[in-house]
Amino acid sequence: MNSFGSLFRVHIYGESHGSGIGVLIDGVPSGIKLTLEDFTIDLSKRKSGKLGTTPRKEDDIPKIISGVFNNFTTGAPINIFFENKNTDSKVYTDFKSHPRPGHADFSATEKYSGFNDIRGGGHFSGRLTLGLVAAGVIAKKILNNVIFSSEIESIGLLDKTKFSEKLENYLIETRNSGDSLGGTISLTIKNIPIGLGEPFFGSTESVISSMLFSIPGIKGVEFGAGFKGTEFLGSKFNDCFIDKNGKTSSNNNGGINGGITNGNDIFLKVAVKPTSSIFKPQETFNFKEGSIQTLKINGRHDVAFLLRVPIILENSVAIALADLYLQNTKSIF
């Protein structure tokens, strides 16, 4: 399915090289001020053009089709459309018979009996994250004073302390070799209300993680101390309370206890895989010829698409939290 959420429901649609992509957002309260300018900053953070990103450039101007009148949300579903203008589909014609390693070419062709649109990755393309960013802009308005702060922690073998001196050359060298890079990104969320989430299946971690793994290329997530916390003794891992508001001396649980937000900052980190499309030749099975053959991918691809992921991470988590927030608000009445 292509939808997420219960009260704040997000539905994405479109293909990378189709006429466009978009997002339908249902459950948005009426009376929220919303203009095209509200989307500018977040959408610009996702744009390509910088070193290490794809040379494909799109205007990414949102067209609000419904749900907004006189710059305020009406309470009706909000439909936001983005036109595709800069497409080059000719390099994708053979990928159903000679699928790209790391991509959905093979699994999608099998699942949809070859009827799937393979151009630019079709519906599996990272371009559809544009809709998540747009929906996240509205989610942030619902969350009001909640503050999101993301940071790239590592790229390939480089951690953030080396970015200023080595990152540019690292990206150029990797690009020139025809290869790609992954990395890790952290996200800190401040001013979260206490009490969001439910035990077990509706836990805050469950809901956020479900959304995170909907972002193409996300391969791991950890909250608070994460995997490092397994090395702690319980006496070190436990977050002791230090005031009547529930503030804790440490935050190894990442702001969540029993699946419910405790008022401390939510802290999480994600692992982003290296870009699957690389220019280096790969030896992989050709299903038409029935043998392993050399695959050389052409086209326009990111060396490290994680450079564009921080804002996608922020806004995707905002979608999940907005849904939990509205559930919690509804339960009060």
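Fully extending the segment from Asn286 to Lys244 would add 8.7 nm, taking 0.36 nm per residue of separation and subtracting the current Cα-Cα distance.
Give the total of Lys-Lys pairs in segment 242-333 with Cα-Cα distances below 28 Å; include a pair only if its members are 8 or more places apart or on different chains.
Lysine pairs satisfying the spacing and distance rule in segment 242-333 number 7.
Spin-label pair Ser177-Glu165: with each label point 7 Å from Cα along the Cα-Cβ axis, the two points sit 2.0 nm from one another.
Within a straight-line Cα-Cα reach of under 20 Å, Lys140 can be paired with the following aspartates and glutamates, leaving aside sequence neighbours fewer than 8 residues apart in one chain: Asp26, Glu37, Asp38, Asp42, Asp60, Glu151, Glu205, Asp265, Glu314, Asp323.
Dimensions of segment 113-218 along the principal axes, based on C-alpha atoms and rounded to the nearest Å, stand at 49, 47, 27, largest first. Across the chain, Cα-Cα distances exceeding 25 Å account for 55% of all pairs. A 1.4 Å probe, protein heavy atoms only, puts the accessible area of Leu143 near 10 Å².
When nucleic acids and ligands are ignored and a 1.4 Å probe is applied, Lys111 ends up with an accessible area of around 150 Å².
By a 1.4 Å probe calculation restricted to protein chains, Asp94 has an accessible surface near 100 Å², given to the nearest 10. Computed on the Cα trace of segment 1-89, the radius of gyration divided by the Kirkwood hydrodynamic radius gives Rg/Rh = 1.00.
If the chain linking Phe237 and Thr40 were pulled fully straight, counting 0.36 nm for each residue of separation and taking away their Cα-Cα distance, it would gain 66.9 nm. Please report the relative contact order for segment 125-208, taking Cα pairs under 8 Å with a sequence separation of at least 6, and give it as a percent rounded to a whole number. This gives 34 percent for segment 125-208. A simple spin-label model places the labels of Glu83 and Lys190 4.0 nm from each other, with each point 7 Å out along Cα-to-Cβ. Hydrophobic, long helices, defined as DSSP H runs whose alpha-carbon span along the helix axis is 27 Å or greater and whose mean Kyte-Doolittle value is at least -0.5, occur in the chain at 309-332.
Ranked from largest to smallest solvent-accessible area, with a 1.4 Å probe on the protein heavy atoms, Thr73, Thr284 come out as Thr284, Thr73. The 3J(HN,Hα) values that the Karplus relation (6.51, -1.76, 1.60; θ = phi - 60°) gives for segment 261-269 are, in residue order, 5, 10, x, 7, 4, 7, 10, 9, 9 Hz. Gly and Pro appear as x. For segment 195-333, the Kirkwood hydrodynamic radius from C-alpha pairs, put into Stokes-Einstein at 10 °C and a viscosity of 1.306 mPa s, yields a diffusion coefficient of 88 µm² per second.
Placing unit charges on the Cβ atoms of the charged side chains and taking the dipole of the chain about its Cα centre, the candidate lying farthest along the positive direction among Gly229, His103, Phe201 is His103.
Using only the heavy atoms of the protein chains and a 1.4 Å probe, how would Asp302, Asp59, Asp265 rank by accessible area, largest first?
Result of the area sort, largest leading: Asp59, Asp265, Asp302.
The calculated P(r) of segment 7-163, using every Cα pair and 5 Å bins from 0, goes 2, 8, 15, 17, 16, 15, 13, 9, 5, 1, 0 in percent.
When only alpha carbons are used to place a centre, segment 252-303 and segment 110-180 end up 9 Å from one another. Kirkwood analysis of the Cα pair distances in segment 96-172 returns a hydrodynamic radius of 16.4 Å.
In the structure shown, the pairs Lys45/Lys96; Lys160/Lys228; Lys47/Lys111; Lys47/Lys219; Lys85/Lys219 are assessed against 26 Å; a Cα-Cα span above that value is assigned to Lys45/Lys96; Lys47/Lys111; Lys85/Lys219.
The values are calculated or read from the model by the stated rules, or taken from the named source; none is laboratory data. A quick note: this is a predicted structure, and the numbers were derived from the prediction, not measured. In this analysis, Cβ positions are derived from the backbone assuming ideal geometry, glycine residues included, and neighbour counts consider all displayed protein chains. The area values use the complete protein model at the heavy-atom level, side chains included, leaving out ligands, DNA and RNA. Shrake-Rupley method; radii C 1.70, N 1.55, O 1.52, S 1.80 Å.
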